[in-house]
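Q: One structure is given below, represented as structure tokens, and several questions about it will come after.
The values are calculated or read from the model by the stated rules, or taken from the named source; none is laboratory data. Keep in mind that this is a model prediction, so the values were computed, not measured. No Cβ is skipped: glycine too gets one built from the backbone with ideal geometry, and neighbour counts run over all protein chains shown. SASA here: full protein model, heavy atoms, side chains in, ligands and nucleic acids out. Shrake-Rupley method; radii C 1.70, N 1.55, O 1.52, S 1.80 Å.
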Amino acid sequence: MDTRIDLRVDGEQRSLTVDTRTTLLDALRERLGVTSPKKGCDHGQCGSCTVLLDGRRATTCLALAVAHTGSEITTAAGLSDGDDLHPVARAFLDHDGLQCGYCTPGQICSAVGMLDEAKAGWPSLVTEHAEDSAALDESELDDEEIRERMSGNLCRCGAYTNIVTAIREASNGGNR
Amino acid sequence: MIPFDYQRADHAEGAVAAVGDRSGATFLGGGTNLVDHLKLGITEPELLIDITRLPFDAIDPLPDGGVRIGATVRNSDLAAEAIIRQRYPVLSQALLSGASGQLRNLATTGGNLLQRTRCPYFQDVTTPCNKREPGSGCSALNGYTRNHAILGASEHCVATHPSDMAVALAALDATVQVTGPNGQRGIPVTDLHRLPGDEPHRDTVLEHGELITSVDLPELPRSTRSRYRKVRDRASYAFALVSVAAVLEIEGDTVREARIALGGVAHKPWRASTAEQALRGAPTTEESFRSAAEAEIAQAQPLADNEFKLPMARNTLTATLRDLAGKESR
Ligand SMILES: Cc1cc2nc3c(=O)[nH]c(=O)nc-3n(C[C@H](O)[C@H](O)[C@H](O)COP(=O)(O)OP(=O)(O)OC[C@H]3O[C@@H](n4cnc5c(N)ncnc54)[C@H](O)[C@@H]3O)c2cc1C
Ligand code: SF4
Ligand code: FES
Ligand code: FES
């Protein structure tokens, strides 16, 4: 069943007609040619399809495109301004947080969303005293916190060590 | 995936009528379970009614001191909400131990409760499964049963319920509010999910077209302490092998009241009433915690590959109680 939908993708207004079965990931990649989000598992398990959906990190392979008409989507590509990389992307490059690079766009979107969550004081399972709703100072995110909060992104190349370093540095940088 | 129609509902009555009128219609929440099932061919609805824009996205204090959680509240928002973290930490912890940050941003309260089993045979449409196709048989029984039930199973199905949140809600004595073709009703969370019996295809007591509108938490006495503890194959982002939600009231060195539910062990969140009974009035000692846990697990019947869950459940329960006894409050 075809339906007309509107999306704002990386700042650009896009309209298209999709079959109701189309996922947001397939709409982006196959229909709009936005290939920054990657299809890894296609079942919500790997995080490589992560984008910022209305400002929050979300996997797109289990989201139906029709259900998200009117949404604002930012992909890893859209986070950077041309050659001016987003600080998180910059940190990935500086710390060699990528090998094949397949998981990287999802990792970067997830890290950006995650740092905002931490800034808003959201707890994680490793947060001590989750009862305290006082805002968590994101510069206090230690490696254990970063690993827990980023656990939805799997990297088959095992670039984790450098990814953690990159995110730690980006969170300390503070100028996101 | 067979073609389907999609409609966005803007009021509950319309959503209930749209689904109630058609046997092939179903509600769509965040889609993180349903869309997976569409892809796998586990379910083939002809109409999806998207309920995520219904006005059930708030977390409100109730006049009786409890809290009402709207059915479309996202798991991440619920876990982060101050009133939940302060008054029901067990619920916040359970949510944070489920899925990943990205998925919790999509998943809803109603959808999380109604997510279906992760039994690998249920998810593989090429294998017989009584839950997916009634009467076809259970592939797990003669298959690999590491992740399956040790309590309350039947010869027709040995699957476990995967939700972490539901385990915490069971220990909190939460009530699910639903509205359906025959009006509204409240169902204690502990009665929402069913044991498999000879009808494992029915996960819950809900009738077709019944919509979850909210989950209501009762007020807890100030002195209550609660905690969720989950054991899994890796440190994060995996379903529970065994989990424990415990809510205790302790007076001096005595347990006044205990409410405990176990996850990963049964077809539904398993309310550990035998352990609860053993704990009421018992001293807060390692021995009484251990013997309560032993009494509960004495009823368990392991399968070929999951005998390890017995000591795991016993020890996790004992350790959770010990932790809580050492805490100040809540
Ligand atoms: C990789 C992965 C890992 C996961 N790990 C965990 C984990 O560790 N622990 C855990 O608990 N969960 C885990 N989950 C499951 C996840 O929590 C659920 O998929 C999610 O909570 C379902 O919510 P939803 O809103 O997306 O539901 P949907 O997929 O939209 O719906 C699920 C079901 O509920 C029905 N439904 C939805 N809302 C209502 C309502 N209000 N009234 C009536 N019916 C309704 C739908 O018709 C459907 O049948 C994991 C999922 C994935 C993909
Ligand atoms: S355990 Fe239940 S869900 Fe799994 S194969 Fe058997 S009948 Fe199906
Ligand atoms: S492709 Fe979406 S999580 Fe793997
Ligand atoms: S860098 Fe290759 S998958 Fe992560």
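Q: Could you state the accessible area per residue of the range B:164-280 in Å², with a 1.4 Å probe and every protein chain left in place?
A: Spelled out: the 1.4 Å probe surface of the range B:164-280, per residue, equals 37 Å².
Q: Another one. Round to a whole number: what % of the accessible area of chain B belongs to carbon and sulfur, probe 1.4 Å?
A: After summing per-atom areas, the C and S share lands at 46 percent.
Q: For the range A:1-83, what is the relative contact order in percent, using Cα pairs closer than 8 Å and at least 6 residues apart in sequence?
A: 36
Q: Tell me the per residue accessible area of chain A using a 1.4 Å probe; a whole number in Å² is fine.
A: 42
Q: What does the charge count around B:ALA170 come to, taking other residues whose C-beta lies under 13 Å from its C-beta (Lys +1, Arg +1, Asp -1, Glu -1)?
A: Value of the local net charge: -1.
Q: So what's the net charge close to A:ARG56: Lys and Arg +1, Asp and Glu -1, counting the other residues with Cβ under 9 Å from its Cβ?
A: Charge balance near A:ARG56 sits at -1.
Q: Accessible area per residue of the range B:7-96 at 1.4 Å probe, in Å²?
A: Per-residue accessible area for the range B:7-96 comes out at 36 Å².
Q: Using only the alpha carbons of the range B:155-210, what is the convex hull's orientation-averaged projected area in square nanometres?
A: Projected area, direction-averaged: 4.2 nm².
Q: On the protein heavy atoms, probe 1.4 angstrom, tell me the percent of accessible surface of the range A:15-66 carried by carbon and sulfur.
A: Ligands and nucleic acids excluded, carbon and sulfur reach 40 percent.
Q: Residue by residue through B:47-59, how many Cβ atoms from other chains fall within 10 Å of the Cβ on average?
A: 1
Q: Turning to a different aspect of this structure: At q = 0.13, 0.15 Å⁻¹, what is the log10 ratio I(q)/I(0) for the range B:20-165, with the Debye formula run over Cα points and no solvent?
A: -0.70, -0.89
Q: Next question, about the same structure. Summed for both chains, how many Å² of accessible area, to the nearest 100, are buried between A and B with a 1.4 Å probe?
A: 3300
Q: If you split all Cα-Cα distances of the range A:1-133 into 10 Å bins from zero, what percentages do you get per bin, shortest first?
A: The percentages, shortest bin first, are 13, 40, 32, 13, 2.
Q: If the limit is 24 Å between Cα atoms, which of A:LYS39/B:LYS39; A:LYS39/B:LYS230; B:LYS39/B:LYS309; A:LYS39/B:LYS131; B:LYS39/B:LYS230; B:LYS230/B:LYS268 go over it?
A: As for pairs spanning more than 24 Å Cα to Cα, those are A:LYS39/B:LYS230; B:LYS39/B:LYS309; A:LYS39/B:LYS131; B:LYS39/B:LYS230.
Q: Another question about this same structure. Kirkwood hydrodynamic radius, computed over distinct alpha-carbon pairs, for the protein assembly as shown: how many Å, to one decimal?
A: Radius from the Kirkwood sum: 23.5 Å.
Q: Per-residue Cβ counts within 10 Å, from other chains only, averaged over A:19-30: what number is that?
A: 2
Q: Write down Rg/Rh for the range A:58-113, rounded to two decimals, with Rg from the C-alpha atoms and Rh from the Kirkwood relation over Cα pairs. Walk me through the intermediate numbers first.
A: Details: Rg = 12.8 Å, Rh = 12.5 Å.
That ratio equals 1.03.
Q: Within the P(r) computed for the range B:115-244, what percentage of the Cα pairs occupies the region above 25 Å?
A: Across the range B:115-244, Cα pairs with separations above 25 Å total 36 percent.
Q: Grab the beta carbon distance between A:ASP142 and B:GLN184, set R0 = 51 Å, and tell me the FRET efficiency rounded to 0.05.
A: Working: r = 47 Å, r/R0 = 0.93.
Plugging the Cβ-Cβ distance into 1/(1 + (r/R0)^6) gives 0.60.
Q: Over all Cα pairs of chain B, how is the pair count split among 20 Å bins, expressed in % and running from 0 up to the last occupied bin?
A: With a bin width of 20 Å, the distribution comes to 32, 58, 9, 0.
Q: Given C-alpha coordinates of the range B:171-319, what is the ratio Rg to Rh with the Kirkwood estimate of Rh?
A: Ratio value, two decimals: 1.00.
Q: Once the other residues with Cβ under 13 Å from the Cβ of B:GLY101 are scored (Lys, Arg +1; Asp, Glu -1), what is the net sum?
A: Net charge in that neighbourhood comes out at +1.
Q: Just checking the output field for A:66-77: average partner chain Cβ neighbours within 10 Å of each residue's Cβ? Intermediate results must be reported in sequence, preceding the final value.
A: Numbers: counts 7, 12, 4, 1, 0, 0, 0, 0, 0, 0, 0, 0.
Mean number of neighbouring Cβ atoms from other chains: 2.
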